[in-house]
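Written out below as structure tokens is the structure these notes cover.
The values are calculated or read from the model by the stated rules, or taken from the named source; none is laboratory data. Bear in mind that the values here come from a model prediction, so they are computed numbers and not experimental data. Please note: Cβ atoms are built from the backbone with ideal geometry, for glycine as well, and neighbour counts cover all protein chains shown. Note: accessible area is taken over every heavy atom of the protein model, side chains too, but ligands, DNA and RNA are not part of it. Shrake-Rupley method; radii C 1.70, N 1.55, O 1.52, S 1.80 Å.
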Amino acid sequence: MKDIVVKAENLIKEYHIYDKPLERLKELFFSKKYHRVFRALGPLNIEVYKGEALGIIGENGAGKSTFLKLAAGVIEPSAGTISVKGKVSSILELGTGFNPEFTGRENVVLNGALLGLSTSEINKRIEKIERFTDIGEFFDMPVKTYSSGMYMRLAFSLAVHVDAEIVVIDEVLAVGDGIYEKKCIDRIWDLRRAGVTILFCSHSLYTVANFCDKVIWLCEGITRAVGETKNVISKYEDYLREKEKKEIDEKSVLIINGKRVAEIKGVSLILNGKTVESSIPHASDLIATLEFEINDDSDVHVGFAVDRNDGLCCFADSMEKQKLSPFRGPGRVSIALKFKNLPLLGGIYKIVFFLLDETGICIFDRKESSFFKIDTKEKKWGVCHLDYEWEK
């Protein structure tokens with residue numbers, strides 16, 4: 001059985017927020033409470049095993065960096081416990097761990113000593129660290145003269161060359177050009193192969209999916225999901241798409257004099273005279289029906305898009321682009337959109353309808369159909385089927 005090297009039990013981190021600096025002082029002398037409590041994280045429970053790579057994902061302010069700081073020992077929990085077994089090396093946000101008055105070399109020596117390395121061990125590594133950092137003469141200049149990229153290069157290089165058993169990485173891979181970024185990624189893979197435990201926070205879901213054995217998704221300090229990487233990332237992507245859809249519904253719809261010019265009342269998908277409930281065969285004749293209400297005497301055009309569930313737009317068009325006459329209100333309208341031999345390949349899709357003005361820019365309303373799955377007998381890659389033939 002693998003050893004548990006990081007274990008959080010009912011872990012909570014809270015901060016006291018004061019509206020005015022003076023209120024902090026007043027609280028020292030009076031029994032009255034002048035602060036409000038902001039919970040940045042928790043309660044959180046998780047176990048990370050030796051040699052495992054844990055990805056931490058979530059939106060800004062979700063508590064990702066707070067968890068990493070707790071794991072690195074930079075801050076203390078407000079409640080609960082977090083235990084860490086082994087030497088920890090961390091790459092946190094800009095400004096953590098280096099003395100700006102010291103040179104890069106001096107900071108490497110100082111931080112190496114703080115991590116428990118002897119003088120001889122530091123001397124053996126310092127040439128490798130300087131070469132990996134690749135900032136030339138700036139390595140012997142004060143850190144306060146560094147750009148943010150130089151700073152993060154130095155921090156990354158130090159963290160991955162001190163033989164730590166646990167490495168904490170907080171969104172710092174974009175520290176240079178493509179060549180340097182690849183060098184960083186290769187180094188992390190070396191650490192993984194060496195059995196180093198990695199706590200990795202990033203907004204790049206592609207990178208997390210490739211690096212991590214399991215993932216925890218945080219939302220407003222609370223664990224929304226934890227487990228196998230692919231499953232958790234899929235849930236997070238669904239959440240982001242739903243949030244984006246809600247924001248589009250709320251912000252992009254044109255309101256005039258406190259009401260909508262036109263409103264969609266219903267969208268349905270029909271196959272062979274029956275409502276589509278889940279899946280349809282490849283190359284089916286699919287009908288999408290739309291009902292909407294025009295509330296005044298405006299002209300309304302209809303547009304649509306066929307989207308895959310990962311957000312890819314497969315096709316889009318509108319009545320206006322096809323030079324078709326708009327619908328004139330007020331009144332209720334029903335319209336059918338017929339797809340012949342729908343060429344989409346296996347996947348999950350939806351149809352989005354838009355009610356538009358004559359420019360095609362202002363949106364009066366939008367509504368999505370339910371998701372439907374395309375079944376294909378043969379495994380083919382891509383979005384749609386193309387007729388082709390080979391010639392020799």
(message) Using amide H atoms built in the peptide plane, which far-off residues or other-chain residues are under 5 Å from V276 H to H?
(response) L269, I270, L271
(request) Determine the calculated [θ] at 222 nm for the chain from helices alone, applying -39500 (n - 2.57) to every DSSP H run no shorter than 4 residues and normalising by the residue count; nearest 500 deg cm²/dmol. (result) -8000 deg cm²/dmol
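Take the solvent-accessible surface of the protein heavy atoms, probe 1.4 Å, and return the percent of it on segment 268-392 that carbon and sulfur atoms account for.
Numbers: 4110 of 7890 Å².
Roughly 52 percent, rounded to a whole number.
Filter the cross-link list K338/K367; K274/K321; K85/K128 down to pairs whose alpha-carbon distance in this structure exceeds 23 Å.
Details: K338/K367 17 Å; K274/K321 30 Å; K85/K128 27 Å.
Over 23 Å Cα-Cα: K274/K321; K85/K128.
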(message) Could you tell me the calculated FRET efficiency between K373 and Y49, based on Cβ-Cβ distance and R0 = 51 angstrom, to the nearest 0.05?
(response) 0.90
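Note the full-extension length gain between R187 and L324 as 0.36 nm times their separation in residues minus their Cα-Cα distance, in nm to one decimal. Present the calculation step by step, with values, prior to reporting the outcome.
On the way: separation 137, 0.36 × 137 = 49.32 nm, distance 5.82 nm.
Taking 0.36 nm per residue and subtracting the Cα distance, the gain is 43.5 nm.
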(message) How long are the semi-axes of the equivalent ellipsoid of segment 258-340, taking √(5λ) for every eigenvalue λ of the Cα gyration tensor, in whole Å from largest down?
(response) 26, 15, 13
(message) Sorting check: for 82-88, 39-45, which peptide has the highest mean count of neighbouring beta carbons within 10 Å, and how do the rest follow?
(response) 39-45, 82-88
(message) Can you work out the Karplus-derived ³J(HN,Hα) for every residue in segment 308-316? Use 6.51 cos²θ - 1.76 cosθ + 1.60 with θ = phi - 60°, whole Hz, and x for glycine or proline.
(response) 7, 5, 8, x, 5, 7, 7, 6, 8
(message) Could you give each residue of segment 347-364 its phi-based ³J(HN,Hα) in whole Hz, using Karplus coefficients 6.51, -1.76, 1.60 with θ = phi - 60°, and x for Gly or Pro?
(response) x, 10, 9, 8, 10, 10, 9, 10, 9, 10, 7, 5, 7, x, 9, 6, 9, 7
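Is the shape of segment 1-160 rounded, prolate or oblate, going by the alpha carbon gyration tensor and its root eigenvalues a ≥ b ≥ c, with a/c under 1.5 for rounded and a/b larger than b/c for prolate? Before the final figure, lay out the partial values.
On the way: a/c = 2.36, a/b = 1.42, b/c = 1.66.
Oblate is the answer for segment 1-160, as a/c is 1.5 or above yet b/c matches or exceeds a/b.
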(message) From the phi angles alone, apply the Karplus equation (6.51, -1.76, 1.60; θ = phi - 60°) to segment 15-23 and give each ³J(HN,Hα) in whole Hz, x where the residue is Gly or Pro.
(response) 10, 8, 10, 10, 6, 9, x, 5, 5
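Relative contact order of segment 112-198: what whole-number percent is it, with Cα pairs under 8 angstrom and at least 6 residues apart?
Working: 58 pairs, mean separation 23.3, N = 87.
This gives 27 percent for segment 112-198.
Pulled fully out, how much extra length does the chain show between M141 and A336, if you take 0.36 nm times their separation in residues and subtract their Cα-Cα distance? Don't jump to the answer; show the numbers that get you there.
Details: separation 195, 0.36 × 195 = 70.20 nm, distance 6.98 nm.
Stretched out fully, the M141 to A336 stretch lengthens by 63.2 nm.
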(request) At 7 Å along the Cα-to-beta-carbon direction for both Y206 and E101, put a label point, then send me their distance in nm to one decimal. (result) 4.5 nm
(request) Roll a 1.4 Å probe over the protein chains and send me the accessible area per residue for segment 1-113 in Å². (result) 55 Å²
(request) Mind pulling the per residue volume of the convex hull built on the Cα atoms of the chain? Å³ is fine. (result) 269 Å³
(message) Starting from 0.36 nm per residue, how many nanometres of slack lie between L110 and Y18 once their C-alpha separation is accounted for?
(response) 29.6 nm
